[in-house]
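Structure first, then comments.
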Amino acid sequence: MDKMIVLMILGMGIVTYIPRMLPLVVFNGVKMPPFLQGVLKNVPYATLGALIVPGIFLINEDIWFGVIGFISALVIAWFGANVIIVVLTAIVVLSVYSLFM
Amino acid sequence: METTLVVRKSSQFRQGVQAGISIAIGYMPIALTFGLLAKTTGLGLLETVLMSMVVYAGASQYISLNLLALGTGIFEIVLTTFIVNIRHFLMSASLNEKAEQDKLWKKALYAFGITDETFSVVATKEGTVTTSYIFGVNIVSYGSWVISSGIGYVVGASLPQSLQESMSIALYAMFIGLLVPALKKHRKTIWLAGLAAIFNSVFSLVLKLSTGWAIVSATLLAAVIVEFFYKERGGVDNG
C-alpha cells in the first residue's frame, strides 16, 4: 500500500469520525434547554426532507425517472407498506420503466 | 432476570439488523461503483477496502477519488472530507436525545456508524432506541458497504446498467418509506420535511452551496422555524 494514500485514508477517517462522535460523548447525560431539545427532535424529519429533495429528481438525466420513483414509493408507503417493500417496489417499478425507455 | 435481559437485547439487535437491510440493499450499487472507480483511479484493493472500512462515508469517498485523479494534495482532500461530513454533528446531537443512556465507550463506538441512512432509520423509530438496536442497524449497513466496495473492485464491474439505474432509487425510496408513516401521524412533520426540502433545493440548486452545507443548513433552518412556530402556539397540535 502507498504510504501517502494510507495517511490520507487515516486523516479522512479521523475528520469524519470526530463530528459523528463528539455530540454523543460530550452531551452524554446533559439536559438541553427545552427549545434546543425540540429542535434536535425535529432534526430527523427535516433531514429526511432534505435528503429526498431535490436529490431524487436528479438521479437520472430523465427527470421522469425520479418522479416515477418518488410517486411509487409515496403511494405504497402511504398504504402502510414496510420500508423494505417500499424499496423493492420502487426498484421493480423503475426496472420496468427503463425496459420501455 | 439475566436471561430475559439477554433475550431482550438479542431481539433488539435483530430488529436493528432487519431495519438495516434496506440500507444494505441501497448501499450495494453505490459501494460497487465506488470499488470500480477506485480501481480505475489507481488505488489498490487493500487501499480501497481500507478506505471503506475507515472512512465509511459515501459522498466523501467519491470526492476523494475525484480529487486524487486531479492530483490534489492530501491535506486538501482531508479538509474537503471534513467539510462534507460535518453534517453528522447535527445528527449525532439529535441521536443523543433519542438514544438510551449507556456507557460512553459504547456510544463512542456506535457513533462511528452514523451515516445519513443509519441516522434516518434509527431516529425515526418510535420511542427511545436501545444501543443494541443501533448496533444491529450499523452492522448490516457497514458490512454491506465494505464488502460491496471490495466486490466492486475485484469484479471490476458494477451491476448491469439498467439494474444499476433502477437501484439508485433504493435509498430515496427508503427515506420516503421512513417519512410517510410520520407524515400521516403528525402534521408537524409535513412542515419539517416540506420546508427542509424547499430550503435544500434553493440552497443547492439556486445558491449552489455544496451538498453537505446545503443539507445541514436546510435541516437546521427548518427545525428551528417549525419549533419556534409550534412553541408560539403553546405546543398545541403537537400530535
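Shape call for the protein assembly as shown from the C-alpha gyration tensor, a ≥ b ≥ c root eigenvalues: rounded (a/c under 1.5), prolate (a/b greater than b/c) or oblate? The shape class here is rounded. Only helices enter this figure: runs of n ≥ 4 DSSP H residues, each worth -39500 (n - 2.57), summed and divided by the residues of the protein assembly as shown, yield -25500 deg cm²/dmol at 222 nm to the nearest 500. Extending 7 Å from the Cα toward the beta-carbon at both B:Q161 and A:W64 defines two label points whose distance is 1.8 nm. Remark: the Cα gyration tensor places region B:102-169 in the oblate category, a/c being 1.5 or greater and a/b not exceeding b/c. In this rough spin-label picture, where each label sits 7 Å from Cα along the Cβ direction, the B:K208-B:R14 distance is 5.4 nm. Per-residue shielding of A:77-83, expressed as the average number of other chain Cβ atoms within 10 Å of the residue Cβ, stands at 6. With loop membership from DSSP and a limit of 15 other Cβ atoms within 10 Å, the longest segment of chain B without trypsin sites (Lys or Arg not before Pro) is B:104-207.
Compared with the dominant principal axis of the Cα atoms in chain A, helix A:34-52 is inclined by about 40°. Taking the centroid of alpha carbons for each part, region A:20-87 and region B:91-136 are 15 Å apart. For A:W78, B:W191, B:W105, the sequence from fewest to most other C-beta atoms within 10 Å is B:W105, A:W78, B:W191.
Once the Cα atoms are used to define both axes, helix B:45-54 deviates from the longest principal axis of chain B by about 20 degrees.
For the residues of B:116-122, the average number of beta carbons from a partner chain within 10 Å of their own beta carbon is 3.
For the Cα atoms of chain A, what angle does the longest principal axis make with the long axis of helix A:63-78, in degrees from 0 to 90, nearest 10? Around 80 degrees separate the two axes. Here is the list for region B:17-100: GluC sites (Glu not before Pro) lying in DSSP coil, each with at most 16 other C-beta atoms within 10 angstrom of its C-beta, are B:E100.
Computed from point charges on the beta carbon alone (+1 for Lys and Arg, -1 for Asp and Glu), the dipole magnitude for region B:1-132 about its Cα centre is near 260 Debye.
No lab work stands behind these numbers, since they all come straight from the coordinates. Because the structure is a prediction, the values reported are computed rather than measured. Quick reminder, even Gly has a Cβ in these numbers, built from the backbone with ideal geometry, and neighbours come from all protein chains shown.
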